[in-house]
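What follows is a short report on a single structure.
The values are calculated or read from the model by the stated rules, or taken from the named source; none is laboratory data. Quick caveat: nothing in here was measured; it's all calculated off a predicted structure. Methodologically, a virtual Cβ is constructed for each residue, glycine included, from the backbone with ideal geometry; neighbour enumeration extends over all protein chains shown. Calculation scope for accessible area: heavy atoms of the full protein, side chains included, ligands and nucleic acids excluded. Shrake-Rupley method; radii C 1.70, N 1.55, O 1.52, S 1.80 Å.
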Amino acid sequence: MMMMKPAPAVQSPPLTSSTGAVRFSHLPVTVRFFDRYPVFSSRIPFIPRAQRSTPRLQAVTTSSPTPFIENEIAEEEKPATFLRESDEISAASSNSVRSRFEKMIREVQDSVCAAVEELDGVGKFKEDVWSRPGGGGGISRVLQDGAVWEKAGVNVSVVYGLMPPDAYRAAKPTENSDIKPSHIPFFAAGISSVIHPKNPFAPTMHFNYRYFETDAPNDAPGAPRQWWFGGGTDLTPSYIFEDDVKHFHSVQKSACDKFNPEFYPRFKKWCDDYFLIKHRGERRGLGGIFFDDMNDYDQEMLLSFATECANSVVPAYIPIVQKRKDTPFTSEHKDWQQLRRGRYVEFNLVYDRGTTFGLKTGGRIESILVSLPLTARWEYDHKPEEGTEEWKLWDACVNPKEWDEYSRLQMRSPITRHVHRVPSPFPAHSHCEAHKICSWIDNRTLKMSRRYDSRTTIFSPEGRLYQVEYAMEAIGNAGSAIGILAADGVVLIGEKKVTSKLLQTSASTEKMYKIDDHVACAVAGIMSDANILINTARVQAQRYTFSYQEPMPVEQLVQSLCDTKQGYTQFGGLRPFGVSFLFAGWDKNYGFQLYMSDPSGNYSGWKAAAIGANNQAAQSMLKQDYKDEITREEAIELALKVLSKTMDSTSLTSEKLELAEVFLLNGKVKYQVCTPETLTKLLIKSGVTQPAAEAS
């Protein structure tokens, strides 16, 4: 493999002894870290190749740790999966977490690399694909000395191996010190990335998301047999621009809040505590989120959470570098950046758990140290002058701040961000006219919002959102709709409200709508609102299919639509959508699924659910009569029975009902709406309607 040509160091090279070991003196020193091989995750172990050239900076020779994972083999092409054949068979039948996590991290690697290359405009990632005979492998990508990026590494890996007890304790600290297992079989998959821009006003960013499984060794049955998730995304700037940092944290908070409002404050503090350089009493940067050893929630929920966090990397980070990459800077600014990168190096070499784990499993040194920047600097007893921009950064690293207090409205409005931008140390262009226009728009927005009920988007003293409750009341007057999840499909049935005999009956459906080939919905509420959201969902589903060449997962589609609904409950002058949905669908991840959402943007999965008029009575009957492993035929009978007792109408006819089903036919998802004739037969068969009554 060819050696990457190193760029010249900013300062003089380090003094070395005759052995090649780096010597530090009282003089300013800049150290350059050479990468002779493609990078690999700093948290996933990697064994050195059997043949390699002598390193340019030769450290004092010591005995290397015993390797506990196999040597890697270079591959010409990327395989469909790095999982072992036994895992692939398991994944095909049960869609395992291992399989879906690997798919996720490879998709995230592609999206992050594409965004990094697009912003650079010149540099391209060098890719290295490797595998191991016993299963596992990875894809390492490095972009170095580009127009914007000094060094960017984005790597995925799937690893099988044996952990010695020390490595297990490094990867998973345990409170029970009496447990002393021998070598522990493990599976690990992860994505790891560190991106260092050239401009000192553009921050460094690191993210890492991983999934671990361990098996108990035969000679130590008391050893833990566990799985857990870990990861995080954090920002390390050299200079503070508050709007940048607050934007970064707001994206992390948004990702966390979708799962648990307690996650962000908990994981933000965890991040501040974890990235503490203890011997200096300061943090590596300005934090973000960090979590590890997470197995105290549902496994599927944590997989979705890790996916959401990983997908938030690009929108959280790339816009910041886009703003700062061309900011003029001086040699003094560059020197300060190098000093802060020295702090980055100190933490990674001394405290990082991923580094410890890699070293104790005999990992490949160049891969373990991939997070190190190309250059770093140390000065003896350097202290920034109080009040300077450098001191502000240092103070924020010593005394972590809460960055999420910035209002969501300000973070979402580019106009507001411009008006309230933190002053730059460099002269900016004049934007007087833009400021006048922005101020006029802001004032108009405030005046317009005051015309509306102030309770639209704020909580009452009793903790209520009145506008959401008003929307719920409106939905309560709409026709009923019921959804039932069966073993072989999903049944949706709805009541059509005919308000006048003079009203012409529509040939199209009023309650049931097809969103995509594998997803449909039933609605209750204001139909004009429903039409907007249904069209939005259809567009999102088609965009996903176009981008990934596969149908959009049902829950992801529902969540995306609920995010839109939830946004209308936050800002003054906007009312919630007055509609509730029952979503029915099938995907390869979870099979048949039924979800219900309301105007607040909440959604949840159900075995049977009801919306619209008399929904509480219907829900009570469903709870009483529903049974697991119910068939579609039985689900239809149950739905008709419940509607016959909860509808305001004295009798059920095919003109008053709509029935739709989602099921598999010859391995393909089929959405079918029953014809009036078929519905009439079902009513008679279920005993809800007599033939004579139907004929009259």
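Computed quantities for the displayed model
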item	result
Two-site label geometry, Phe546 and Met472: point separation in nm, points 7 Å out along Cα→Cβ	3.8 nm
FRET E, pair Asn295, Ser86, Förster distance 25 Å, beta-carbon r, rounded to 0.05	0.65
In the range 601-687, GluC sites (Glu not before Pro) in a DSSP loop with at most 16 other beta-carbon atoms within 10 Å	Glu629
Extension gain, Tyr380 back to Lys645 (0.36 nm per residue minus Cα-Cα distance, nm)	87.1 nm
Residues whose placed amide H lies under 5 Å from that of Ala524, excluding near-sequence neighbours	Ser580
Spin-label proximity, Arg353 to the range 228-270 - amide N less than 17 Å from point 7 Å beyond Cα toward beta carbon	228-234, 266-270
Ranked order, Lys627, Lys334, Lys668 - accessible area, probe 1.4 Å, largest first	Lys668, Lys627, Lys334
Amide H contacts under 5 Å for Glu75, placed H, 5+ residues apart	Val129, Trp130, Ser131
Calculated FRET efficiency for the pair Asp110/Asp563, C-beta based, R₀ 22 Å, to 0.05	0.45
Net length gained if the chain between Lys627 and Asp215 were fully extended (0.36 nm per residue, minus Cα distance)	144.7 nm
Förster radius 56 Å - calculated FRET efficiency between Asp488 and Asp273 (Cβ-Cβ, nearest 0.05)	0.65
Exposure rank, largest accessible area first [Leu643, Leu369; 1.4 Å]	Leu369, Leu643
